[in-house]
Amino acid sequence: MSVSSHASRFSAPPTDAAGRIPLIGPNLPEMQAALAVHGLPAFRSKQVWHWIYQRGVRDFDSMANLPKDMRALLMEKYSIERPKVVAEQRSDDGTIKWLLAMSDGQQVETVFIPEAKRGTLCISSQVGCTLTCKFCHTGTQPLVRNLGAHEILQQIMHARDVLGEWPQTGEKQSNFINQDGGRDLTNIVMMGMGEPLYNYDNVAQALKICMDADGLAIGKRRITLSTSGVVPQIRQCGAELGVNLAVSLHAANDVLRSKLMPINNKYPLTELLEACRTYPGVSDIRRITFEYVMLKDVNDTDDDARQLTKILSGIPCKINIIPFNIWPGSGFECSAEERINAFARILEKAGYDAPVRRPRGRDILAACGQLKSASLRARRTES
Ligand code: SAH
Ligand code: SF4
């Protein structure tokens with residue numbers, strides 16, 4: 001199935017249950033065109049835009065400089081609401097995981113991970129995923145639909161609401177983010193549910209608003225998109241968005257990778273690695289991140305590590321070693337700590353940066369897709 005037919009079959013509903021159109025998501029010229037239909041001049045859209053993205057208001061009535069009748073019109077026809085929180089889990093280490101319901105009730109996961117000098121929000125791009133990677137819990141959930149641009153942005157805006165991180169009157173958003181320690185949410189990773197490059201148009205639309213200094217003002221250096229390896233859209237993403245790229249590799253040869261990740265049959269390693277090698281802007285300063293999940297007795301031998309050092313040769317990169325996050329029924333186990341360390345040492349000896357990702361939120365069903373499944377199970381048990 002082509003990416004575009006994929007997108008149209010599984011798109012987000014154009015309106016909410018009350019028939020209102022989302023006003024989060026269109027870019028400024030699109031918003032101006034939409035509001036011009038009601039006879040509203042362009043400067044009114046700029047005001048609305050400012051309230052939405054720079055002040056984070058959640059209802060039109062708070063847009064104090066708009067005439068009352070305009071606010072009433074916007075309220076009737078448009079929506080700037082946030083998703084509903086179905087579940088929130090807070091880990092002892094500060095990680096917060098939300099299960100969010102969109103206007104049609106479809107649910108996705110969003111996770112905030114605070115660290116010493118930055119805070120990363122992991123957002124979803126689809127409800128479920130079509131790509132059935134064997135070790136991934138989301139892969140067990142059928143794709144229900146793509147998220148719309150508004151639903152991708154709403155996850156970030158929801159996190160800013162909870163963290164209390166909208167600039168106050170007089171503070172400029174782009175300055176605010178530069179203040180040392182001024183904001184907890186500094187970085188975005190598209191590593192939640194779904195394959196972002198199978199929903200490219202909506203992801204691109206949302207990320208452009210996210211990167212816009214007059215939008216959410218989170219720059220491209222602070223955004224990382226993770227993909228299982230959709231080669232044509234990797235090129236498009238590099239050319240059009242220029243965000244950091246993370247690639248889920250998980251195996252160093254085609255035979256094993258195709259077993260673990262069926263997408264490898266379509267875009268095998270040589271093609272994938274060529275797209276990485278030529279990703280725009282890649283240099284020793286802006287490296288590709290390769291993700292490698294450690295699966296006991298599957299992809300974790302010294303020989304696997306040595307193969308990895310060979311195939312990645314010449315690509316400015318770092319390799320994130322990820323201890324497998326166990327989920328019931330997966331059929332996989334996580335490699336032992338000594339094995340993980342030995343694997344990382346081989347990569348490091350060959351000159352690669354190979355940090356082992358410290359597991360976060362272990363006490364809160366942190367593996368992607370798990371909170372959603374647990375919630376569905378609970379609902380089934382209740383009904
Ligand atoms: N579809 C995209 C982004 C979402 S998955 C992709 O595949 O890159 C985000 C990352 O989590 C991927 O690297 C994926 O391989 C990894 N992952 C999935 N299930 C995991 C698990 N149970 N334990 C550890 N990492 C996992
Ligand atoms: Fe989809 Fe990524 Fe999970 Fe694979 S690892 S099933 S691409 S979400």
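The values are calculated or read from the model by the stated rules, or taken from the named source; none is laboratory data. Please read all numbers here as calculations on a predicted model, not as lab measurements. Reconstructed Cβ throughout: ideal geometry from the backbone, glycine too, with neighbour counts over all protein chains shown. All accessible areas refer to the heavy atoms of the entire protein, side chains included, with ligands and DNA or RNA removed. Shrake-Rupley method; radii C 1.70, N 1.55, O 1.52, S 1.80 Å.
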*Rounded accessible area per residue of region 84-364, 1.4 Å, Å²*: 40 Å²
*Packing-based order for 189-195, 140-146, using average beta carbon neighbours within 10 Å, highest first*: 189-195, 140-146
*asked:* Within region 183-258, what whole-number % of the accessible surface is contributed by carbon and sulfur, with the 1.4 Å probe and all protein chains included in the calculation?
replied: 44 percent
_Cβ neighbours within 10 Å, averaged per peptide: list 94-101, 244-251 in order, most packed at the top._
244-251, 94-101
_Tensor-based shape of region 17-79 (alpha-carbon gyration tensor, a/c under 1.5 rounded, otherwise prolate or oblate)_ = rounded
*asked:* As a test of reading the structure, rank LYS349, LYS259 by solvent-accessible area (1.4 Å probe, protein chains only), most first.
replied: LYS349, LYS259
*Any chance you could run the full-extension gain for GLU338 through ARG306? It's 0.36 nm times the residue separation minus the Cα-Cα distance, nm to one decimal.*
9.8 nm
_Looking only at the chain, where both bridge partners belong to it, what percent of the DSSP beta bridges are antiparallel (to the nearest 5)?_
45 percent
*For the chain, what does the alpha-carbon gyration tensor say about shape, rounded, prolate or oblate, given a ≥ b ≥ c as the root eigenvalues, a/c under 1.5 as rounded, and a/b over b/c as prolate?*
prolate
*Could the peptides 14-24, 309-319 be put in order, highest first, of the mean number of other beta-carbon atoms found within 10 Å of their residues?*
309-319, 14-24
*Between ILE123, ILE340, ILE188, find the one with the highest GNM mean-square fluctuation for the chain; connect C-alpha pairs within less than 10 Å.*
ILE340
_Protein-only accessible surface order, largest first, of GLU337, GLU171 at 1.4 Å_ = GLU337, GLU171
_Quick check: residue separation of ARG90 and PHE43 times 0.36 nm, minus the Cα distance between them. What number comes out in nm?_
12.8 nm
*Using a 1.4 angstrom probe, figure out how much accessible area region 17-79 has per residue, in square angstrom, rounded to the nearest whole.*
49 Å²
